[in-house]
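Visitor: Below are the structure tokens for one structure; questions will follow.
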Number of protein chains: 2
Amino acid sequence: MADLPASIEIHEEGPREGFQIEPGPIATADKVRLIEALAETGLKRIQVCSFVNPRVVPGWADADDVVAQMKPKDGVSYTALWFNEKGLDRALAAADKLTLYGSISLTASEAFTRRNLNRSHAEQVEASRRQTALHIARGVPVKRVGVMAAFGCNYQGDVSREQVIATLQDGFGVAAEAGVEIERISLSDTMGWATPPRVEALVGEVRAKWPDKRITLHLHDTRGLAVANAYAGLKMGVDFFDSTVGGLGGCPFAGQKGAAGNISTEELVLLCHEIGVETGVDLDALIEVGRMAEAIVGHTLPSELIHAGSLDALRGSA
Amino acid sequence: MADLPASIEIHEEGPREGFQIEPGPIATADKVRLIEALAETGLKRIQVCSFVNPRVVPGWADADDVVAQMKPKDGVSYTALWFNEKGLDRALAAADKLTLYGSISLTASEAFTRRNLNRSHAEQVEASRRQTALHIARGVPVKRVGVMAAFGCNYQGDVSREQVIATLQDGFGVAAEAGVEIERISLSDTMGWATPPRVEALVGEVRAKWPDKRITLHLHDTRGLAVANAYAGLKMGVDFFDSTVGGLGGCPFAGQKGAAGNISTEELVLLCHEIGVETGVDLDALIEVGRMAEAIVGHTLPSELIHAGSLDALRGSA
């Protein structure tokens, strides 16, 4: 285990992912309460909302209100998501509380790009060019190239490493044309196709090609393999993970409603702590926030750990 | 991945584990229907019931009826559990349909032995001597030494490898006194304390000490790490796993009701197939049986995969 990182950074996406997919309605005050509780657990990066069209995503009609009402905690970065100029302008209007950075976000599966965005891959690359230019014009740094469906796709099937590398090259091409310096590469298992050997192989190949970029894994637990995949990433030295408290999020592309979403933050944190990787997170506090999230959405969340409790709590009482 | 086995054997324990813990009542016909459907998926070993005191485990009051009503499939072994002479005699009465073998079952944590069985470890070793003598007297082969709480215990905390080795030595001592030849060592993560490094370390140490015994892992997904732990075992060459369809089973020792139970058979099978390890199981058929199990118990089961569907089904349609 020589390659385990000493510590990892976590981008907590529970509020944004969760309240986007929940049938709701969920009170703005509950969203704020969850965000503020997450900030008390030691998490340092929290994605708090999505500035999207409320007709498309009614769960985020109150994005501006959530940011207005939340009390930021010192030392915590609050991020947000947007897809177009209107969304960016809403984010900029809240820039006193948010840490804004742009991504060049592409998809390794053209079938998914067509289905999800109604565009060809070439059109999506072109859209990324325009969005990058917009970010530069607005003074928002562009730091990340992300690839969705990097391990497989419900509409295409398996996705080869060559497809992922080619997609990343397209993203880096957009960055180079725009003259921006990319810091991070994000590999997303959008529909739950990753396995430990696929993670090892893809991370290895991406790192060999871009050795100076930091790799982020965005894992989904759609088929129960997310923690095993995270462990494979950790053993490859990956030190940046997206996750959601309680496993908030779901998967709109799965066979049945109620399918699991992102890897749960508390299971990721438990794994890290048990193998000696620091997260800066108070796991027992986080488990309590997972239970709060479950109470807010009003149904059982996929995280097993919030139902079982931590090991440290039992060590203490044993 | 040189040490991955070419194939694994699975002991499907869903009926026994699931119907023992479900609040029920569940109709005998439904139990039989689930067992018969499992036998059609390619699973070769199915634990169908527990012959226990119906006052203690009302869910298995109909164990004898389940075995009487089920139609065995050629090539499939049906196993059962019992804890005392009365239970063994009920199992022997159904021996035309069941494959009976005895275990020497001890616990690495004395705190758990006291809590679960109201006995000291020494008393439990003595009870195993009597049970082994009983098995020999009734002509039931004793093939297995099992250790519960082999990775940790909610009442003791961490369990050291030394404790597990010492417990196994006690078990082998009972076997040697009785003159029985043990084939398998079962390591149970009864309360969900295992992590991949702990699995690697314990399997390595047990194998070094008993190189000619086959190791079985009985993993629980109490805190979401079961699939990662199974992968760690597979990479160590472990080729025998207990599991339950849908993740049936729950954990009576967890912090909350509704905590996850055993590793789900379909997630174990998906992992194996995706990394090139054969199981002999038709995964899509098994997922359908997982959904049947969910319908029978009337609530969501922990397996994520039964809600998402398999990858092969999507590869076929992509």
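The values are calculated or read from the model by the stated rules, or taken from the named source; none is laboratory data. Since the model is a prediction, treat every value here as computed from it, not as a measurement. For neighbour counting, all protein chains shown are included, and Cβ atoms are generated from backbone atoms with ideal geometry for every residue, glycine included.
Visitor: Scan the stretch A:12-24 and tell me whether some residue there is among the acidic types (Asp, Glu), farther than 26 Å from A:Arg130 by Cβ and at pLDDT below 95.
Guide: Yes.
Visitor: Let me ask another. Taking only the stretch B:211-235 into account, find how many residues are in contact with a strand residue (DSSP E or B) (Cβ under 8 Å, 6 or more places away or on another chain) and away from chain A (no Cβ under 11 Å).
Guide: 8
Visitor: Starting from the stretch A:273-297, take each residue that is in the same structural domain as A:His11 (by TED's automatic domain parsing) and closer than 28 Å to A:Pro23 by Cα and list its partners that are among the basic types (Lys, Arg) and surrounded by 16 or more Cβ atoms within 10 Å (Cβ to Cβ), counting only C-beta distances under 9 angstrom and pairs at least six apart or across chains.
Guide: A:Met292/A:Arg33; A:Ile296/A:Lys31; A:Ile296/A:Arg33
Visitor: Take A:Lys86 and tell me if it is under 21 Å from the mean Cα position of the chain (by Cα) and among the basic types (Lys, Arg).
Guide: Taking the combined requirement at face value, the residue does not satisfy it.
Visitor: Can I ask one more? Please go through the stretch A:298-308 and pick out each residue that is touching a residue at least 24 places away in the same chain (Cβ under 8 Å) and either over 22 Å from the mean Cα position of the chain (by Cα) or within 7 Å of chain B (Cβ to nearest Cβ) (or both).
Guide: Result: A:Pro302, A:Ser303, A:Glu304, A:Leu305.
Visitor: Give the residue that is nearest to the other protein chains (Cβ to nearest Cβ), with candidates limited to residues of the stretch A:271-286 that are part of a loop (DSSP other than H, G, I, E, B) and over 21 Å from the mean Cα position of the chain (by Cα).
Guide: A:Ile275
Visitor: Can you pull out every residue in the stretch A:125-171 that is surrounded by fewer than 21 Cβ atoms within 10 Å (Cβ to Cβ), within 14 Å of another protein chain (Cβ to nearest Cβ) and either under 26 Å from A:Ala95 (Cβ atoms) or not aromatic (Phe, Trp, Tyr) (or both)?
Guide: A:Gly157, A:Asp158, A:Ser160, A:Gln163, listed by residue number.
Visitor: Does B:Gly237 fit the bill of being at positive phi and in contact (Cβ under 8 Å) with a residue 24 or more places away in the chain?
Guide: Yes; evaluated as a whole, the condition is true for this residue.
Visitor: Specify which of the listed residues (A:Glu177, A:Glu205) is assigned to a helix (DSSP H, G or I), away from every other protein chain (no Cβ under 13 Å) and touching a Ser or Thr at 6+ places or on another chain (Cβ under 9 Å).
Guide: A:Glu177
Visitor: With the stretch B:1-117 as the region, which strands (runs of 3 or more DSSP E) entirely inside it contain at least 1 residues that are hydrophobic (A, V, I, L, M, F, W, C) and under 30 Å from A:Pro196 (Cα atoms)?
Guide: Strands (runs of 3 or more DSSP E) meeting the threshold: B:9-12, B:45-51.
Visitor: Report yes if B:Arg114 is surrounded by fewer than 21 Cβ atoms within 10 Å (Cβ to Cβ) and over 24 Å from B:Phe172 (Cα atoms), otherwise no.
Guide: no
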